[in-house]
1. Work out from phi, with θ = phi - 60° and the Karplus expression 6.51 cos²θ - 1.76 cosθ + 1.60, the ³J(HN,Hα) of each residue of segment 44-61, listed in order in whole Hz, and give x for Gly and Pro.
2. Evaluate the distance, in nm, between pseudo-label points positioned 7 Å from the Cα of Asp98 and of Thr143 along their respective Cα→Cβ axes.
3. Amide H to amide H, which residues 5 or more places from Glu133 or on other chains are under 5 Å from it, using H placed in the peptide plane?
4. What is the list of residues in segment 59-100 whose amide nitrogen lies under 17 Å from a point 7 angstrom out from the Cα of Phe128, following Cα to Cβ?
5. At 222 nm, what value in deg cm²/dmol follows for the chain if DSSP H runs of at least 4 each add -39500 (n - 2.57) and the sum is divided by all its residues, to the nearest 500?
6. Would you mind telling me which residue in Gln182, Gln122, Gln151 has the biggest mean-square fluctuation in a Gaussian network model of the chain, where springs connect alpha carbons within a distance under 10 angstrom?
7. Tally up the carbon and sulfur contribution to the accessible surface of segment 44-145 as a whole percent, 1.4 Å probe, everything protein left in place.
8. Just how far, in whole angstrom, is segment 128-198 from segment 22-95 if you go by their alpha carbon centroids?
Amino acid sequence: MSSSVPLILVVADRKSASAGAWANIPNDALPHTYIAAVEQAGGVPVLLPPTEMLLENAERLLELADGVFLAGGRDLDAALYGRENHPLNDKPLRIRDDLEIALARGARDRGMPVLGACRGMQVLNVAFGGTLEQHLGDRLDMTPHRDVVGQFTSHPVTVVPGTRLASVLGPRSFPIAAHHHQAVETLGQGLIATAHAE
């Protein structure tokens, strides 16, 4: 492997899994789609378990890495942006929240690339002082985002002209796979919204 291949930090989620004789065993894992995407982009994914030890060593991890990918998963703890958790939110895994926020802030301080997908975009927003609308279903039809719980659906997003994203994709609309029930409410400090969904 070439030393020029970028090492990309990815934090796992903690879930129960069953296999053979083992039932409901806690696992630190992510869907393989995220790992494959990092590899397809030319990076080496470094999967991190969400632990206190790694949180205490977040700066050291960043010294070894070339970028951070914040993957999808459960809802963030609403206490991180000064709210009570909505009754329909996932049970938070605060150590994952804290580790990803530390990595996002540390990467920004270093000028290191960070990409947030799904929950990861929400982590970035909260890391820089933004807030989230916790349940879109309280004010709109959730069908475009969540036709069936556990399955992705598709809806269009529109790229904002003049943004870095527009310089890559052009100012256009395109479909994305989604399963959101939350959205950015107040944008975090220094962040720019580069695409919107109606």
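1. Values per residue, Gly and Pro as x: 9, x, 10, 7, 10, x, x, 10, 4, 4, 6, 4, 5, 10, 4, 5, 5, 4 Hz.
2. 4.3 nm
3. Ala183, Val184, Glu185
4. Flagged as within label range: 67-71, 81, 100.
5. Roughly -7500 deg cm²/dmol at 222 nm, from the helical runs in the chain.
6. Highest fluctuation of the listed residues: Gln151.
7. 54 percent
8. So the two Cα centres are separated by 20 Å.
The values are calculated or read from the model by the stated rules, or taken from the named source; none is laboratory data. Quick caveat: nothing in here was measured; it's all calculated off a predicted structure. Neighbour counts are summed over all protein chains in view; Cβ atoms, including those assigned to glycine, are modelled from backbone coordinates with ideal geometry. To get the accessible areas, we keep the full protein, side chains included, count just its heavy atoms, and leave off ligands, DNA and RNA. Shrake-Rupley method; radii C 1.70, N 1.55, O 1.52, S 1.80 Å.
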